[in-house]
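Remarks on the structure that follows.
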Amino acid sequence: MHTGGHILDSFNDSLTEFKSTTLMMGSAALRNLDNSIRGLIERDKTLCNQAIAADDDEDLLELEVDRQGMAIMLKYRPVASDLRLVIATMKISSNFESASDLAVSIAKRSRKIIKGQEIPRVTAIEPLYELVSTMLKNAVTAYSDLDLNQAIALINQEEEVHKMHKKISRKFSREVENECPEYREYLNILFICRWLERIGELAIDIAEEVVFAASSEDIRHSDDIPSSVLEAAANQTNQA
Amino acid sequence: MVTPSTIDKLFNMDTLVKEPAAKATISDTPSTTPKTMDQHTQPSSAASTPSATETKPVIEIDNVSFSYDNGKTNTLRDISLDIAPKQVTAFIGPSGCGKSTLLRCLNRMNDLVETSMISHGEIRIMGQDIHAKDVSAIELRKQVGMVFQKYNPFPKSIYDNVAYGLRIQGIKNKSKLDEAVEKSLRGAALWDEVKDRLKTSALGLSGGQQQRLCIARTIAVQPKVILMDEPCSALDPIATAKVEQLIMDLRQDFTIVIVTHSMQQASRVSDRTAFFYLGELIEYDETNKIFTNPAEQRTEAYISGRFG
């Protein structure tokens, strides 16, 4: 039996285009996040503006992904893994768009901050940024490869994200409590910390969709990862 | 690929006419625009695409009504639609709506029913009225081929099935026939499966293969138009997918009209779709529009399974 691509070339091509448009959204979200935080740390307004401008493209891509997804459902009536992939992808693209929106909020707030006084402690945000940026990057990879192990690792990082957010926010809120001269800027940074935490949560949402696409289990809003999913992940490792 | 000289021989409008050119109602070559041609006559409120109006339609169905009983009742009523070249057009509609009847009008298969007649209107193919007195139905069917619901290869070898149409045209040269047979079988995505058993009986092939053989037989005579009447209904899903893939490849060289009961098939393979109901054309538009946002309520009701 021939197992591989679909007999209809157009089905294959449509799915490929659909997936790569979504992956483009993922890399764009990463880029926008990167530009917005570097803009903050390096006090570079241009980087912030780049992140803000690029979000328009991201919005258009989201519309395109939904249009493509609907066309695939209509034309090919996908079933089984194809159906789960289409549904998961439409949700994941929405998550990428939200992440990019958050990057824009960060960029706008950063622009405000760098207009004000220079803040020596700004680099304290870096560990949170690096954690969240890596998580988003891993979410893109997990989706691209439908990698259950990568997805499970992301889901298990939920605690870590909240802890890191708490720790770093505290550093900045202490500055505000001490009424230092740059307290306004630190207040704004607290917002940025919260938005970074949100991006981490979005990466985890994406991981949950990947689990659905790859294993058919819907693990949203549940506390534990079912053993069937862990088994499927182990199988993926063995097959690799 | 087909050489220019073979195209000239087969597509020359004069071959449609039995009598010498002096008696023909239209003695123009295909490149001349007939004076009665409308660029577009579409009943639906939906606008047609601008590009379609720039190319001359291959098939013009001009306000046609058709009867099976000498005009007492009309099975088809006031049908007007144009089909552009090298497109796939799907006819859909509930059972008994007239879509297969209309398809069979296009190559005058309905002539086989003695009491059938075109009550009014005209069907023109490449500008020529196909019911004109001096048009040969036999010659018409060379230009307008047909693939049927139930595959019907001749009880001959695979080779002879494909070569049949060419042989009766007088082509005897073995190497020419070999070349044409291979080209047609490749065109029907069947060559690799049968190249080592061309002389064996066609009836030994599977259903899907037999249908693709019928398609090879049809394209061997280089028709301008291929009519397909539910070509996949007798086939399993894999064979269906192969035939659908084939249709999408064939559209580069042929104009295709396909009657289908499967909405998904229509949405997959066709560029434009015509929805018929009780002998009337309800809506005719781009396939994507018909299946995502049809203009007529009856169209929406049918395609979403609310009636029919």
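Data overview
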item	result
Qualifying residue in the range A:128-135 (condition: part of a helix (DSSP H, G or I), within 30 Å of residue A:9 (Cα to Cα), away from chain B (no Cβ under 14 Å) and of a type in the set (Gly, Ala, Ser))	no
Residues that are outside any helix (DSSP H, G or I) and free of Cβ contacts under 8 Å to residues at least 12 places away in the same chain, drawn from the range A:174-218	A:178, A:179, A:180, A:218
Selection count, the range B:228-272, where residues are within 11 Å of another protein chain (Cβ to nearest Cβ) and touching a His at 6+ places or on another chain (Cβ under 8 Å)	1
Test: residue B:217 is modelled with pLDDT of 95 or more, farther than 27 Å from residue A:73 by Cβ and within 14 Å of another protein chain (Cβ to nearest Cβ)	no
Condition check for residue A:39: closer than 30 Å to residue B:245 by Cβ, modelled with pLDDT of 95 or more and of a type outside the set (A, V, I, L, M)	no
Residue within the range B:286-305 that is free of Cβ contacts under 8 Å to residues at least 40 places away in the same chain, more than 17 Å from residue B:97 (Cβ to Cβ), part of a loop (DSSP other than H, G, I, E, B) and of a type outside the set (A, V, I, L, M, F, W, C) present	yes
Of all residues making up the range A:71-123, the number that are without any contact (Cβ under 8 Å) to a residue 60 or more places away in the chain, more than 14 Å from chain B (Cβ to nearest Cβ) and among the charged types (D, E, K, R)	2
In the range A:42-70, residue nearest to the other protein chains (Cβ to nearest Cβ) [restricted to those that are closer than 19 Å to residue A:26 by Cα and of a type in the set (Val, Ile, Thr)]	A:65
Filtered residues of the range A:1-36 (kept if over 24 Å from residue B:243 (Cα atoms) and aromatic (Phe, Trp, Tyr))	A:18
Candidates A:61, A:30 - the one that is buried (at least 18 other Cβ atoms within 10 Å of the Cβ) and under 26 Å from residue A:193 (Cα atoms)	A:30
Residue match in the range B:106-115 (condition: assigned to a loop (DSSP other than H, G, I, E, B) and either under 18 Å from the mean Cα position of the chain (by Cα) or buried (at least 22 other Cβ atoms within 10 Å of the Cβ) (or both))	yes
The range A:11-39, subset among the small types (Gly, Ala, Ser) and touching a residue at least 60 places away in the same chain (Cβ under 8 Å), residue nearest to the other protein chains (Cβ to nearest Cβ)	A:14
Lone unmet requirement of (1) in a loop (DSSP other than H, G, I, E, B); (2) in contact (Cβ under 8 Å) with a residue 12 or more places away in the chain; (3) of a type in the set (Val, Ile, Thr) for residue B:123	(1)
Every residue from the range B:71-94 that is part of a loop (DSSP other than H, G, I, E, B), surrounded by fewer than 22 Cβ atoms within 10 Å (Cβ to Cβ) and among the small types (Gly, Ala, Ser)	B:71, B:84
Residues of the range B:273-282 satisfying the condition of being more than 13 Å from chain A (Cβ to nearest Cβ) and either surrounded by 24 or more Cβ atoms within 10 Å (Cβ to Cβ) or among the small types (Gly, Ala, Ser) (or both)	B:274, B:275, B:276, B:279, B:281
Every residue from the range B:154-172 that is hydroxyl-bearing (Ser, Thr, Tyr) and part of a helix (DSSP H, G or I)	B:159, B:164
Pairs with Cβ under 7 Å, 6+ apart, first in the range B:213-228 and of a type in the set (Asp, Glu), second assigned to a helix (DSSP H, G or I)	none
Sole exception among (1) surrounded by fewer than 20 Cβ atoms within 10 Å (Cβ to Cβ); (2) in a loop (DSSP other than H, G, I, E, B) for residue B:97, by number	(1)
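The values are calculated or read from the model by the stated rules, or taken from the named source; none is laboratory data. A quick note: this is a predicted structure, and the numbers were derived from the prediction, not measured. Here Cβ is always computed from backbone atoms with ideal geometry, including for glycine, and neighbour counts include all displayed protein chains.
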